[in-house]
Amino acid sequence: MGALGALRTSNVIRFSLCALVLTCVSARSLPAQGESSPAAQFEKRRQRLLDVVSQERDRGFFTVTSKFITGRDTEWAMAMLDSLTTDEGIGGMFYSYTAIGTYLRLKDQLPDSIKRKIRQAYRTRTMYRGDTENHWVMYYTGIYLAAQTWPNEDRSQWFNGKSSTENFKEAEQWLNRWMNITSTIGQGEFDSPTYFIVFMTPVLTLYEFAKDPAMKRKAQMTADLLFADFAVDHLGGNYCGGHSRDYPDDIANPLSAPAALWAWLYFGEPKTELWGETRYHPRHRGGWETASGATSSYRLPEIIYRIATDRSRPYIHTETKRVRNIIRFGPEKNPPAYKYMYMTRSYALGSLQGGILQPIQQHTWDVTYISEKPNNTIFTLHPFYSGKELAMFFPEEQKFLSDEVNRYHLVYTNPNKWNSSSPYEQTFQHKDAIIVLYNIDKEARQSHIDGFFPKTLDERIEHNSGWIFCRAGSVYVAFFPLKPYEWIEEKVNWRWRSSVAKNGVVTEVGSSDEDGSFEEFQHRIVKSKPAFNNFDKTFTVHYKTRRGDEMKFTFGGERTLNGKKVDFRTYKFFNGPFIQSERGSGIVKMTYENRVRELDFNKVIIKEWQQSKQ
Amino acid sequence: MATIEAIVSVVLVLLVGGTAPPDSVVGNRGGEAQRSYYAAVFLNRGHVSGGVVSNIGLFRRSPGDTAWSNIYRRNLFTFGLGLWKSGSTTRQYIAAGNGLHRSVDGRKTWRVLTDWHTEEVLSVALDPVDSAVIYIATPFGVFRSTDDGARWQKKMSGMNSWFVRKVMVDWSDRSALFAGAEDDLYRTTDKGEHWTPLHVGVPGMEAVVQHPADPKHLLVGTSDDGVRVSVDGGKSWKEGKGLPNTAFYAVCVSSDKQTIYAGGYQTGLWKSNDRGFSWSLLWQDSEIEAIYTIFVHPDVPRHLMVGTSGQGIYESRDGGKTWSKFGLNGCHVKQIELYP
């Protein structure tokens with residue numbers, strides 16, 4: 001028995017021992033009840049998605065797999081697969097896990113010639129590992145499964161000159177490490193409506209095909225964790241609040257993000273089939289990768305479905321994540337990122353604390369609301385860019401980084417961009433109110449701040465009190481700029497712009513549920529006006545919310561709520577009515593009504609129980 | 001194998017003797033027909049990172065060739081090269097985005113020596129005698145292997161920043177190394193166990209050079225402050241006069257051991273004839289955004305090449321008076337070498 005075999009045996013024993021102490025373990029979680037049950041509804045959507053994707057002719061492994069599974073157009077699928085395995089120009093981390101995933105999924109249907117080509121790919125192509133967290137997850141998932149599939153092969157049989165045993169061991173170590181980090185201090189590329197897919201898809205592939213029961217279980221638990229993380233920020237298909245990384249189009253139109261299709265599949269929201277809507281582009285950055293969920297045997301625990309969809313009561317949820325690896329110009333490798341979410345049945349207000357938490361694509365805060373119309377969000381940002389910011393995270397020469405990133409991401413240096421981190425932006429949120437302050441350095445390349453206000457708003461009123469009131473259906477937004485501003489009309493939105501370097505905005509959100517009519521909401525809001533005398537020297541804003549809470553916020557200084565200092569360092573890993581976890585514990589507890597599901601990443605066990613109602 | 005290496009080591013010690021840079025790690029003399037140019041290509045235009053890239057990796061141009069050909073990996077982000085040679089034993093190294101690659105069979109097959117513990121490998125340094133001792137610079141510090149790349153240990157004691165662009169063995173003392181880090185240039189005299197800052201005075205070490213005729217003569221290119229020079233082994237530093245205060249990624253001592261060249265971000269190519277204390281502009285082309293690397297032919301000092309950002313390689317055969325393109329247009333060329 002080689003080292004690989006020994007490792008597997010060891011894991012089997014370990015896992016078996018763990019299994020003995022399970023209180024209750026079930027991949028399917030809570031039982032399904034009839035055709036209206038979440039499980040039955042999921043099954044319908046799953047079949048529907050496979051049916052739709054199998055009619056597509058996109059060049060990709062997911063389209064091919066869908067065609068084989070449904071038995072539709074298999075001749076074309078075989079030709080496409082042959083093309084994908086013949087084209088030596090394709091490689092890298094995206095190929096690494098999708099090629100082996102397709103192989104393992106379809107191996108009983110594939111001719112030997114195709115199988116040989118897929119095997120050959122891992123011998124001759126560079127499965128480049130990349131430089132981001134999602135790259136490494138994809139890469140090592142692919143290497144793990146490929147080494148598992150072709151064990152006991154020597155170094156000459158692999159593109160990197162490592163044997164099957166060496167590749168398996170390395171991939172196993174890293175995947176375990178990543179899942180441990182993700183379950184204790186969080187992802188670096190956290191809560192991303194776009195990059196969600198490139199974590200979820202390899203994790204589901206790992207779950208599906210890992211032979212080691214412990215790895216399979218850990219992949220299942222990680223899938224649960226990622227879905228639960230999405231669920232608490234989810235509203236009607238929208239991934240709400242602050243994001244580590246997202247693309248401008250998806251920020252400005254949340255339901256166009258790939259995560260929305262995952263929400264449709266697993267949470268059943270939005271109710272409409274997104275690919276039929278103009279506001280969603282299913283091919284948009286790999287949207288069909290959701291088909292990997294439709295082909296997976298992974299089933300979302302019903303408790304996560306409930307967490308994602310029950311909005312009967314507003315709630316506050318906080319999280320601690322981590323900043324992506326900082327390689328220079330920073331005091332520590334992974335400082336914490338703090339998230340705050342206030343969720344209601346019709347809107348969500350969510351934020352990160354501000355500052356540079358991610359390069360390029362950070363989205364710091366927004367209010368996102370349920371709407372039949374596109375562009376259902378409002379937010380502000382400082383469109384910051386600098387080579388030094390990028391050099392914090394990438395090893396290339398600092399002076400080139402802006403140009404290089406701009407070539408690929410197209411918008412990085414654009415003064416009108418809708419995604420950005422900025423060292424000159426900080427937030428303070430309490431429930432449905434948020435203060436966002438800006439203190440833009442004289443040397444900064446962009447000296448203005450922008451706000452996104454969609455044209456799909458039903459009303460946008462500039463009140464003589466200084467407040468700007470917006471209404472989108474039953475959702476109301478009050479927005480108070482501290483400094484002069486202008487409106488710039490654009491295709492889908494009004495761009496609110498203020499070119500004052502020391503600046504800020506106060507926002508409160510309400511709804512007809514809480515505030516009655518729009519007029520009543522306005523009446524309540526105008527009673528309180530932010531106090532910011534001498535702001536250019538103190539950088540301090542006082543604000544008493546319409547609920548009577550007193551917020552005081554100084555840029556670079558303290559945040560106080562009703563006289564008490566708010567300290568982000570007290571934030572837990574997850575803390576809210578639905579998910580609780582201490583940072584570093586490796587134990588994530590989900591709660592819905594009297595049901596509890598606990599993921600114990602230390603022991604690699606899942607427990608479920610019902611607690612007595614209080 | 002161990003016996004052969006021991007014999008090789010003895011021969012190398014006799015040859016090197018601590019008086020001049022050993023051929024084992026800096027290139028070899030030989031007939032032109034036996035050598036080819038090798039280029040490390042990091043990026044081509046239009047790409048930062050991702051899955052599918054072509055036209056990057058290790059390239060070769062042999063005598064008689066009219067173009068460069070990619071001989072290893074079409075999508076390998078390549079930061080640098082290294083060669084260890086003794087007698088008929090040759091080991092070539094590639095410092096790349098996914099680790100340190102090594103070939104021991106004349107570039108027919110390669111093996112990645114590092115694993116997930118190291119991220120990008122930005123440069124490689126080789127012990128001139130013991131081929132089993134390898135050093136790499138990474139964004140998270142210097143790593144050392146003493147068993148031919150089987151295991152790696154992080155060696156950062158005494159360093160104040162973990163980003164290290166460049167690591168280099170002192171040719172006069174194989175136990176000593178220099179590490180160009182984000183905050184300073186560091187030196188160790190015990191093979192990386194302990195590092196001491198040399199207090200260059202400005203941050204951002206981009207290029208680190210030790211003069212081949214004088215081990216105490218050091219030059220560093222910095223990320224914002226031109227070139228700094230020391231002629232006392234790093235005890236004191238002086239600013240290279242005449243240079244713009246910007247990034248200098250490349251510093252190179254000519255094979256005549258008199259002239260020193262430097263280039264960087266929007267700088268053109270600069271030349272010094274007084275050990276790097278004062279500089280004059282030799283050549284500038286508005287098409288070239290930056291010079292990443294400078295190559296001087298080991299036998300023909302008038303034969304120069306520069307590797308650029310996005311414009312491939314330029315060549316001059318008259319000491320830098322006139323230049324022409326030498327291929328790899330569109331590529332970011334990080335290093336050029338002439339190897340057997």
Taking 0.36 nm per residue of sequence separation and subtracting the Cα-Cα distance, how much length would be gained by fully extending the chain between B:Ala150 and B:Asp190, in nm to one decimal? 12.3 nm
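Can you compute the charge dipole magnitude of the protein assembly as shown about its Cα centre, using +1 on each Lys and Arg Cβ and -1 on each Asp and Glu Cβ, nothing else charged? Give it in debye, rounded to the nearest 20. It would help to have the intermediate numbers written out before the result.
Details: 115 positive and 105 negative charges, 220 e Å.
Rounded to the nearest 20 debye, it is 1060 debye.
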Based on the mean of other Cβ atoms within 10 Å per residue, sort peptides A:497-506, A:538-547, B:59-68 so the most packed one is first. A:497-506, A:538-547, B:59-68
Estimated inter-spin distance, B:Lys257 and A:Lys565, nm [label 7 Å along Cα→Cβ]: 6.4 nm
Hey, if you put +1 on the Cβ of every Lys and Arg and -1 on every Asp and Glu Cβ in chain B, which of B:Gln311, B:Gln153, B:Ser62 ends up farthest toward the positive end of that dipole? B:Ser62
What FRET efficiency do you get for A:Asn152 and A:Arg57 if R0 is 45 Å and r is their Cβ-Cβ distance, rounded to the nearest 0.05? 0.70
Among A:531-537, A:41-47, A:369-375, how do they line up from the highest to the lowest mean number of other beta-carbon atoms within 10 Å? A:369-375, A:41-47, A:531-537
A:Thr272 versus A:Arg445, label points 7 Å from Cα toward the beta carbon: distance in nm? 3.8 nm
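Near B:Leu198, within a Cβ-to-Cβ distance under 9 Å, what is the net charge of the other residues, with Lys and Arg +1 and Asp and Glu -1?
+1
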If I build a Gaussian network model for chain B, linking alpha-carbon pairs within less than 10 angstrom, which residue out of B:Thr188, B:Thr322, B:Thr259 has the largest mean-square fluctuation? B:Thr322
Extension gain from A:Asp82 to A:Glu490, taking 0.36 nm per residue of separation minus the Cα-Cα distance: 142.4 nm
When the charge dipole of chain A is computed with +1 at the Cβ of Lys and Arg and -1 at the Cβ of Asp and Glu, the Cα pointing farthest to the positive end, of A:Gly556, A:Gly354, A:Gln157, is that of A:Gln157
Below 14 angstrom from the Cβ of B:Ile71, what's the summed charge of the other residues (Lys, Arg +1; Asp, Glu -1)? +3
Using a basic spin-label model with each label point 7 Å from the Cα along Cα→Cβ, how many nm lie between A:Glu459 and B:Asp214? 8.1 nm
If I stretch the segment between A:Ser312 and A:Arg177 completely, what's the gain in nm (0.36 nm per residue apart, minus their alpha carbon distance), one decimal? 44.9 nm
Distance from the Cα centre of the stretch A:207-249 to that of the stretch A:322-360, in angstrom? 17 Å
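What average number of partner chain Cβ atoms lie no more than 10 Å from the Cβ of the residues making up A:128-136?
The per-residue average across the peptide is 5.
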Taking the alpha-carbon centre of each part, the distance from the stretch A:167-194 to the stretch A:49-123 in Å is 26 Å
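What GluC sites (Glu not before Pro) in the stretch B:242-328 are in a loop by DSSP, with at most 13 other Cβ atoms within 10 Å of the Cβ? List each step's numbers first, then the result.
Values: sites: B:Glu287, B:Glu289, B:Glu315; in loops: B:Glu287, B:Glu289.
Sites meeting the loop and neighbour criteria: B:Glu287.
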Summed residue charge, Cβ within 12 Å of B:Val167's Cβ, Lys/Arg positive, Asp/Glu negative: +4
Values of log10 I(q)/I(0), in the order q = 0.06, 0.10 Å⁻¹, for the protein assembly as shown under a Debye, Cα-only, solvent-free model: -0.47, -1.21
Shielding score for A:438-446, defined as the mean number of other chain Cβ atoms within 10 Å: 0
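With +1 on the Cβ of every Lys and Arg and -1 on the Cβ of every Asp and Glu, and nothing else charged, how large is the dipole of the stretch A:38-309 about its Cα centre, in debye rounded to the nearest 20? Walk me through the intermediate numbers first.
On the way: 32 positive and 33 negative charges, 127 e Å.
I would put it at about 600 debye.
Exactly which trypsin sites (Lys or Arg not before Pro) in the stretch A:205-311 are in a DSSP loop and have at most 14 other Cβ atoms within 10 Å?
Numbers: sites: A:Lys211, A:Lys216, A:Arg217, A:Lys218, A:Arg245, A:Lys271, A:Arg279, A:Arg283, A:Arg285, A:Arg299, A:Arg306, A:Arg311; in loops: A:Lys211, A:Arg245, A:Lys271, A:Arg279, A:Arg283, A:Arg285, A:Arg299, A:Arg311.
For trypsin sites (Lys or Arg not before Pro) across the stretch A:205-311 that sit outside H, G, I, E and B with at most 14 neighbouring Cβ atoms in 10 Å, the list reads A:Lys211, A:Lys271, A:Arg283.
Which trypsin sites (Lys or Arg not before Pro) in the stretch B:241-282 sit in a loop by DSSP (not H, G, I, E or B) and have at most 15 other Cβ atoms within 10 Å of their own Cβ?
Numbers: sites: B:Lys241, B:Lys257, B:Lys271, B:Arg275; in loops: B:Lys257, B:Arg275.
Taking the stretch B:241-282 and a limit of 15 other Cβ atoms within 10 Å, the loop trypsin sites (Lys or Arg not before Pro) found are B:Lys257.
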Could you work out the mean count of beta carbons from other protein chains within 10 Å of each residue's beta carbon in B:92-98? 3
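What is the Å³ per residue value for the convex hull set by the Cα atoms of the stretch A:502-614?
On the way: hull volume 18.6 nm³, N = 113.
In the stretch A:502-614, the Cα convex hull volume per residue is 165 Å³.
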Check: C-alpha center the stretch B:186-225 vs C-alpha center the stretch B:87-104, spacing in Å is 24 Å
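If you take the beta carbon distance between B:Arg317 and B:Lys241 as r and set R0 to 25 Å, what does 1/(1 + (r/R0)^6) give as a FRET efficiency, to the nearest 0.05?
Values: r = 29 Å, r/R0 = 1.16.
It comes out at approximately 0.30.
Any read-out appearing in this document is the output of simple, stated calculations on the displayed coordinates, not a laboratory observation. Just so you know, these numbers come straight off a predicted model, no measurement behind them. All Cβ positions, glycine included, derive from the backbone under ideal geometry; neighbour counts span all protein chains shown.
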